[in-house]
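The values are calculated or read from the model by the stated rules, or taken from the named source; none is laboratory data. Since the structure is predicted, the reported quantities are computational estimates derived from the model, not experimental observations. Virtual Cβ from ideal backbone geometry, glycine too; neighbours counted across all protein chains shown. Note: areas computed on protein heavy atoms with side chains; ligands, DNA, RNA excluded. Shrake-Rupley method; radii C 1.70, N 1.55, O 1.52, S 1.80 Å.
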Amino acid sequence: MTTDHATPFRTELIRVRGLVQGVGFRPTVWRLARQYGLRGWVSNDGAGVAALVCGNMDGIDSLIGALRDAPPPLARIDAIERSPVSAAPDCTDFRIVESKVGEIHTGVLPDAATCAACRAEILDPTTRRYRYPFTNCTHCGPRLSIIEAIPYDRAATTMRAFPMCAACDAEYRNPADRRFHAQPIACATCGPHAWLEPPANGDPVDAARRLLLSGAILAIKALGGFHLACDATDAAAVFRLRRAKQRDAKPFALMARDIPTISRYAVVTEADAAALHSPAAPIVVMQSRRDADLPPPPLAGGGRVEGVTVGANPNPSPHPTLAGGKATLSAGVAPGLASLGFMLPGTPLHHLLLHGIDRPLVMTSGNLADEPQCTGNQEALTRLHGIADHFLLHDRDIARRVDDSVIRVMGSNVRVLRRARGYAPAPLALPPGFAAAAPLLAMGSELKNTFCLLRDGEAVLSHHIGDLENAASFTDYRRSIDAYRALFVHQPTAIVVDRHPDYLSTRLGYELAAHEALPVIAVQHHHAHLAACMVENGLPLDTAPVLGIVLDGLGWGDDGTIWGGEFLLGDYRSFRRLACLKPVAMPGGAQAIREPWRNTCAQIAAAFGWPEFVDRYGSTELHGYLAGKPIHVLAQMIEHNVNAPLASSCGRLFDAVAAAVGLCRDRSLYEGQAAMMLEAAANDDSAAYPFAIVNAPDNTMLHLDPAPMWQALLDDLAADAPVPTIAARFHDGLALGIARMVEAVGVTGRIALSGGVVQNRLLLDHLMRRLSALGLEVLTHRLVPPNDGGLALGQAAVAAARALAGDATEA
């Protein structure tokens, strides 16, 4: 834009779209406008932030440049639009005006971890917020967890119950203060307060710390729900929490006060440390330190933790003492795994609690088994009675449950495995070509559910809901959909569902569509995985077909079988199945997911047949184990196709291999346990088991056949090869087989990797190395989970692409 020298002053309306409300954006504009000698006003409205500015063109350009280069820490600018205005503003300076309510297009911010300035305040006895557990400012604090409507003002949050005192009000109204219009602003005089039930002497946070260090289990009301906490070095407390929570083996999340403490137990890379310190403050999954003071892991395959059978009454060990500045971490934290999930304190309350603790705490969700975590005080007192010994409560209501997010650094990138606190519901910009897409509601999957609102060229992916098989989770799912639709004033033109007819998300989608007279668009499960990967890598609507390698547990296939190891050539609108893992029966159906040994039997039957297995490997320990199972019953089920559906599932192949080598054999206690234990067991062996590429029986596609792998693996078992060696050879062999299949189908260019199995860091590393060696561009997930937590994004993209192309919807 050029300067008109005859009229050096100009008036412009500037509109900023993106995540720009509740982050100190208006005071930033105010400060910059005054710095550059501009006059006018700035305001929040339904579309973001609007500013009318008048002044020298150089000053206006400098303002825009400064906003682009250094926005507030929590802001995300999607677009800055400028348009000339004929009339100058009716003011002699620059001011901030009240929010304007209009058609809502702006985003809602995720909750943000305590910033450095607020953290310093609560630890500084000279400040008025010293030791105040609800300190926040425009750069940190609750957002999604307290907001009930937008524009984002205090009256539309759960903080409306706390009128500001004079001191807070002065900060709130001062544009030069970092708390200017910080909606959750509070102090000990006027804000929420914490207490302990049953009561204890002294400050409630100090008392809670003493209780934790004495072996107690506490329920702690956090930002988006309750945590259950105990000393992670107290074996008896960890065991007691597992038993009471009915969580036999799934790893617990940990919280520690700082990186040096975490580094005593886990290998913390620079990328890990950056993620831990980020405003999202997620749980970061890291490799356990081999030299850490850790007890040996429990025996693989059984349900034993800390040397006692889960569910038994242990003889508790004495509370551990610090030796050399390091306490022993309980093996019950992450049984059988080689990784630990750590987070740093994310709220002032957690900072104060951890300030005097030089060891990790278990900090797991406040629920029973797989139920949604508690959010209300009375709810927690009722549901967590018998689990927690004490309750650290406060009186700031939680508007919606938001779980802790989980990330893992893999292949040099931070990858989100569970997208919730700190990330959701920040919208994801859709690639070029989707701007004209009509609003859609995508219902997501059955497990690890999220749903997605598509609107205005962006996708609002919900926070993690969980597994809908749990009745309480399904109720929360319905409630969350209603809340998001109200919050974003979203009226879809169609409902998008998974093709699986029995998914509760699919059934609810049809129910909503019928109630609102909307069409339904059904999207195949693995096509949605592929599309989600394409979206977050920015591939435009009209992109050429991409080869998607989608590896997961199961999804409803177009041929009526269960898919899960797929090679799909597809774009956003359609796909073609080029190859898959050779389908193998799942004897017992869903029971084969819970009992991994069943998959071992089925794989052996497919590779050799039981008589040949007995003849060749009858002397192995595996044969002795399987001989004690109802092998002939399973053989009859497979032969007569009775409750033994065929599945090309990569997840079930991992289950079969893990059980074969003695890991997680009898029963899987949580989803993915067998695969996680197999990854944890692997060493650095460079050999790779062979897979064969064969034609499908109908010659319509290719199969990746694991039969040669099974022969090599069983030969190694017969020769007493170490389990870590076998695990390593399987991972690399699978990656090599996949790479050779890519060559066989003749696809070049881009490869998209998706599905829950690619959360396996070892497999992902092997795949990226082998596929990159073929000269292929490998697309992976980073922003959304590769598992079913990202499925709704792909569903929405596929449905939008079809609608834009005029494809008929499917009812």
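Using +1 on the beta carbon of Lys and Arg, -1 on that of Asp and Glu, and nothing else charged, what's the dipole of region 587-675 about the Cα centre, debye to 20?
140 debye
Need one number: % antiparallel among DSSP beta bridges in the chain, to the nearest 5.
That works out to approximately 75 percent antiparallel.
Can you give me the P(r) profile for the chain? Cα pairs, bins 20 angstrom wide beginning at 0, each as a whole percent.
15, 45, 32, 7, 0
Calculate, for residue 774 and residue 120, the FRET efficiency according to 1/(1 + (r/R0)^6) with r their C-beta to C-beta distance and R0 41 Å; round to the nearest 0.05.
Efficiency, from the Cβ-Cβ distance: 0.20.
If we sort 208-218, 276-286, 113-123 on the protection proxy, mean other Cβ atoms within 10 Å, highest first, what's the order?
Those peptides, ordered most packed to least, come out 276-286, 208-218, 113-123.
Treating only the Cβ of Lys, Arg, Asp and Glu as charged (+1, +1, -1, -1), what charge dipole size does the chain show about its Cα centre? Round to the nearest 20 debye.
1480 debye
Taking 0.36 nm per residue of sequence separation and subtracting the Cα-Cα distance, how much length would be gained by fully extending the chain between residue 694 and residue 632, in nm to one decimal?
Here the segment from residue 694 to residue 632 would lengthen by 19.5 nm.
Output the peptides 57-63, 591-597 sorted from most to least packed, where packing is the average of other Cβ atoms within 10 Å over each peptide's residues.
591-597, 57-63
Relative contact order for the chain: what percent, with Cα pairs under 8 Å and sequence separation of 6 or more?
RCO, the chain: 12 percent.
Summing -39500 (n - 2.57) over the DSSP H runs of n ≥ 4 in the chain and dividing by its residue number, what mean residue ellipticity at 222 nm do you reach, to the nearest 500 deg cm²/dmol?
It lands at -9000 deg cm²/dmol.
What are the ³J(HN,Hα) couplings of region 373-380, residue after residue, when phi is run through the Karplus curve with 6.51, -1.76, 1.60 and θ = phi - 60°? Round to Hz, x for glycine and proline.
For region 373-380, the Karplus-derived couplings read 5, 6, 10, x, 4, 5, 4, 5 Hz, x marking Gly and Pro.
Could you check how much of the accessible area of the chain is carbon and sulfur, as a whole percent, using a 1.4 Å probe?
Exposed carbon and sulfur together represent 53 percent of the surface.
For the charge dipole of the chain, defined by +1 on Lys and Arg C-beta atoms and -1 on Asp and Glu C-beta atoms about the Cα centroid, which residue among 167, 632, 208 has the Cα displaced farthest towards the positive pole?
The one lying farthest along the dipole's positive direction is 167.
Starting from the Cα coordinates of region 83-220, work out the convex hull volume and express it per residue in Å³.
169 Å³
Calculate how steeply helix 504-516 sits against the longest principal axis of the alpha-carbon atoms of the chain, using the helix alpha-carbon long axis, and give the answer as 0 to 90 degrees to the nearest 10.
Here the helix axis deviates by roughly 50 degrees.
Say each of residue 478 and residue 642 gets a label point 7 Å from the Cα, pointing the same way as Cα to Cβ; how far apart are those two points in nm?
3.8 nm
If the chain between residue 165 and residue 516 were fully stretched, how many nm would it gain, using 0.36 nm times the residue separation less the Cα-Cα distance?
Separation in residues times 0.36 nm, less the Cα-Cα distance, equals 121.8 nm.
Per 10 Å bin from zero, what fraction in whole % of the C-alpha pairs of region 191-231 is there, up to the bin with the longest pair?
Percent of Cα pairs in each bin: 28, 59, 13, 0.
Find how much the distance from residue 507 to residue 744 grows on full extension, using 0.36 nm per residue of separation minus their present alpha carbon separation; answer in nm with one decimal.
81.4 nm
How high is the FRET efficiency between residue 711 and residue 244 when r is their beta carbon distance and R₀ equals 60 Å, given to the nearest 0.05?
0.85
Which three extents, in angstrom, do the Cα atoms of region 383-460 have along their principal axes, listed largest first?
Sorted largest first, the three principal extents are 55, 34, 26 Å.
Any chance you could list the semi-axes, whole Å, largest first, of the equivalent ellipsoid that the Cα gyration tensor gives for region 168-296, using √(5λ)?
Taking √(5λ) for each Cα gyration eigenvalue gives 32, 23, 13 Å.
If r is the Cβ-Cβ distance from residue 438 to residue 270 and R0 is 41 Å, what FRET efficiency results, to the nearest 0.05?
0.40
Find the all-direction average of the projected area of the Cα convex hull for region 1-100, expressing the result in square nanometres with one decimal place.
6.0 nm²
How many angstrom lie between the C-alpha centres of region 493-561 and region 731-773?
That distance is 23 Å.
Quick one, can you get me the convex hull of the C-alpha atoms of region 365-520 expressed as volume per residue in Å³?
154 Å³
So for each of 263-272, 388-397 I average, over its residues, the number of other beta carbons within 10 Å; can you give me the resulting order with the highest mean first?
388-397, 263-272
Counting Lys and Arg as +1 and Asp and Glu as -1, each charge on the Cβ, what is the dipole of region 482-568 about the Cα centre in debye, to the nearest 20?
Charge dipole, region 482-568, about its Cα centre: 160 debye, nearest 20.
With a 1.4 Å probe and all protein chains left in place, how much accessible area per residue does the chain have, in Å²?
37 Å²
Using the basic label-point model (7 angstrom from Cα toward the beta carbon), what is the residue 684 to residue 591 distance in nanometres?
According to this spin-label approximation, the distance is 4.4 nm.
Describe numerically, in nm with one decimal, the distance between label points set 7 Å from Cα along Cα→Cβ at residue 92 and at residue 667.
Distance between label points: 8.0 nm.
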